[in-house]
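Input: a single structure, listed below in structure tokens.
The values are calculated or read from the model by the stated rules, or taken from the named source; none is laboratory data. Given the structure is predicted, the values throughout are model-derived calculations rather than measurements. Neighbour counts run over all protein chains shown; Cβ positions are idealised from the backbone, glycine included. Heads up: the accessible areas ignore ligands, DNA and RNA and are worked out on the full protein's heavy atoms, side chains in. Shrake-Rupley method; radii C 1.70, N 1.55, O 1.52, S 1.80 Å.
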Amino acid sequence: MKLDKGKIINSWPFVIAILGILAISKIENQYYLGMIFNTLLWVAIAGSWQIVGGYAGEFSLGHAAFFGIGAYTSTLLYIHFSVSPWIGMFIGAAFAGIIGFLLSWTCFRLRGHFFTLATLAFGQVVLIIATSWRSLTSGSEGLLLPIKMGFWQMSFESKHAYVYLVLIYAISVILFTYVMERRRLGYYLIAYRENDEAARSLGVNTFRARLTASTISAFFTAIGGTIYAQYTFFIEPESVLPVTLSIQAPLVSIVGGLGTPFGPLFGAVLILPLSQFLRGIFGSSFNGLHLIIYGLILIVVLLLMPSGLGPVILKGWRKITGAQVKKINASG
Amino acid sequence: MDILVQVVISGILFGGIYALVSIGLTLIMGVMDIVNFAHGEYLMVALYTTYFLNQLWNVDPYVAAIAVIPLFFLFGLLSERVLIRPTLDKPAFVHVFVTLGLSIILQNLALLMFSGNFRSISVPYAQYSYEIFDILINYPRLVIFIVGILVAIGLHFFLHYTWVGKAIRATAQNKNAALLMGINVQKVYAITFAIGVSLVGLGGSLLMPIYSVYPTVGFQFVLVAFVAVVMGGLGSIKGAVIASFLIGLVETLSGFFIDPSVKQALYFTVFIMVLLFRPYGLFGKKTKVA
């Protein structure tokens, strides 16, 4: 009986999550639906980034490239060959996975800062290619997706459908990370992050583990690109390949807590509504002010809580629920 | 043919700006093991400072440099104390994102205060040129080139023949050993960072006569500087300078022969190649800071 009560309390987050998911269908306000879409998209992007960035500690600043590759692959296949975005999404993801594999295979011999700088340069190269290869991508004019609604076209009238789509995407990423953390791959990556030499001396092939992780990371990131393209019906290099995307992916993970499956969730829920809210207040009258506040919050969080806000919140949550469990036990 | 020679020379001369930006960056990276992602934004602030000194009090950009250098030295000391020092004992990603945060703040502060407009000043000598063997050498570019080289030489002597310079090199080689020898490593870090920032300040003043300033101007320069630092070999000032001039050359040549928009893609690809095949840079040995 005691156990049941404890279980009920511990399952609160899931109850809240399910209620939240059900509540989405009741929200009609387009602004909030857009905010939820954005937040969930970033849960997934940051989650994809941290498969290699958080667990292996390989700090990529080029993940926009994979997002853009996903968006452009599915969109071009859709426009020119009428390939359904559902299929294009996985083709794009596979393509991004291959590129991610090749990039990592060549760059993983670089340690620390040099890996970060190489990925930053790689992201810029892809951005420049997308901008200057006009015959393929029509450059900075961008690509307009055919507006033809239907499930097979992954194009929906209501924002609800997109929110559920991106929700499935975000849950898949979190679930994958959660499982990975408890499997061999997760242990290998963490072993590499903590002490490469020790891991290798125990026979762990850390290079292969990192390659696997970065391929998967690129794969998942690219899926986000397709969903975003289908949501906005328009892509251009500056919207799907900006360096700000490469920066925000690790940022969300760090604020939420690096190397934890739910870190990106905390990070995105804390950051994205806040930045949208700040932009709403200051965006028109004080251009740039919202980003200044954003930058300040970032610096303060990093300096005071480098392990992120997620663990702090979790600790607080456990304290509250733990206290309640005790009380129930005492009364029962 | 004449045009080609002309292009080559103006490219090499412009490399002086990259040299001033990348010398500071390589010094900071080599000594403190920190990638300063806000380095380009210091250049942007220097450009705005020079711009407003010129607009408000009609100060010549080259004269403004005399004020900007000490000002930026203090600016560097301050930002090192407030932002960099607290990150030094934390994981590497902390300093990466603190400097990125600083760069976001500075960029948007500029946007908020000065709007996104391109601003430039007009000085009479911006178009002055010397003619040598039918080749025109632009006066402001020549100044950039000469100052870039002089700063590199001066810094070399400073690092090798002064006590502070030796302390900086000792810290770069082995922080703990330097600490045991009684070197105040914290102070060395502060001075190193401030020197790097004041060199960028100097670069900003010299660049203003021939360039426009806008809030995101720093980003492209810092990217070039990263390339130069890595190509030159981490912490190698000589390497960074040579790489800077090479980049200036490649940039103008590729802009001349190929599409100007491709030039960046070109040297980023070169950059990744260098990283892969010569991880210690084209001129670098395994030692840091020389």
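For this structure, a couple of remarks:
- Residues in the range A:103-130 that are of a type in the set (S, T, N, Q) and over 19 Å from A:E236 (Cα atoms) were compared, and the one that is surrounded by the fewest Cβ atoms within 10 Å (Cβ to Cβ) is A:T106.
- Candidates B:I247, B:I191, filtered to the one that is over 20 Å from B:R169 (Cα atoms) and of a type outside the set (D, E): B:I247
- Just one of the listed residues (A:V166, A:V204) is away from chain B (no Cβ under 14 Å) and within 30 Å of A:I24 (Cβ to Cβ), and it is A:V166.
- Restricting the search to helices (runs of 4 or more DSSP H) fully inside the range A:54-145 and requiring at least 1 residues that are within 30 Å of B:G233 (Cα to Cα) gives A:64-81, A:85-107, A:113-132.
- Residues in the range B:224-240 that are in a loop (DSSP other than H, G, I, E, B) and within 14 Å of chain A (Cβ to nearest Cβ): B:G233, B:L234, B:G235.
- Scanning the range B:54-91 for residues that are open to solvent by less than 40 Å² (accessible area, probe 1.4 Å) and not in a helix (DSSP H, G or I) yields one hit, B:V59.
- Filtered residues of the range A:107-133 (kept if within 7 Å of another protein chain (Cβ to nearest Cβ), closer than 25 Å to B:G30 by Cα and in contact (Cβ under 8 Å) with a residue 60 or more places away in the chain): A:F122, A:Q124
- Counting only helices (runs of 4 or more DSSP H) that sit completely within the range A:242-306, those holding 3 or more residues that are within 13 Å of chain B (Cβ to nearest Cβ), more than 29 Å from A:G20 (Cβ to Cβ) and more than 19 Å from the chain's Cα centre (by Cα) correspond to A:289-304.
- Residue match in the range A:176-190 (condition: basic (K, R), in contact with a Leu (Cβ under 8 Å, 6 or more places away or on another chain) and open to solvent by 10 Å² or more (accessible area, probe 1.4 Å)): no
- A:E238 in contact (Cβ under 8 Å) with a residue 24 or more places away in the chain, within 27 Å of A:Y32 (Cβ to Cβ) and open to solvent by 10 Å² or more (accessible area, probe 1.4 Å): yes
- For A:I271, the conditions (1) hydrophobic (A, V, I, L, M, F, W, C); (2) open to solvent by less than 20 Å² (accessible area, probe 1.4 Å); (3) touching a Phe, Trp or Tyr at 6+ places or on another chain (Cβ under 6 Å) are fulfilled apart from (3).
Each row is one residue, and each column tells you yes or no for (1) polar (S, T, N, Q); (2) at pLDDT 90 or above.
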| site | (1), (2) |
| --- | --- |
| A:L41 | no, yes |
| A:S48 | yes, yes |
| A:G53 | no, no |
| A:A65 | no, yes |
| A:L77 | no, yes |
| A:I87 | no, yes |
| A:I91 | no, yes |
| A:A96 | no, yes |
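- Selection count where residues are facing chain A (nearest Cβ under 7 Å) and at pLDDT below 85, scope the range B:86-104: 4
- Checked against (1) surrounded by 14 or more Cβ atoms within 10 Å (Cβ to Cβ); (2) more than 14 Å from chain B (Cβ to nearest Cβ); (3) in a helix (DSSP H, G or I), A:Q50 passes all but a single condition, namely (2).
- Test: B:A243 is within 13 Å of another protein chain (Cβ to nearest Cβ), buried (at least 23 other Cβ atoms within 10 Å of the Cβ) and modelled with pLDDT of 75 or more: no
- For the range B:208-223, the set of residues classified as within 13 Å of chain A (Cβ to nearest Cβ), assigned to a loop (DSSP other than H, G, I, E, B) and closer than 26 Å to B:P124 by Cα consists of B:Y214, B:P215, listed by residue number.
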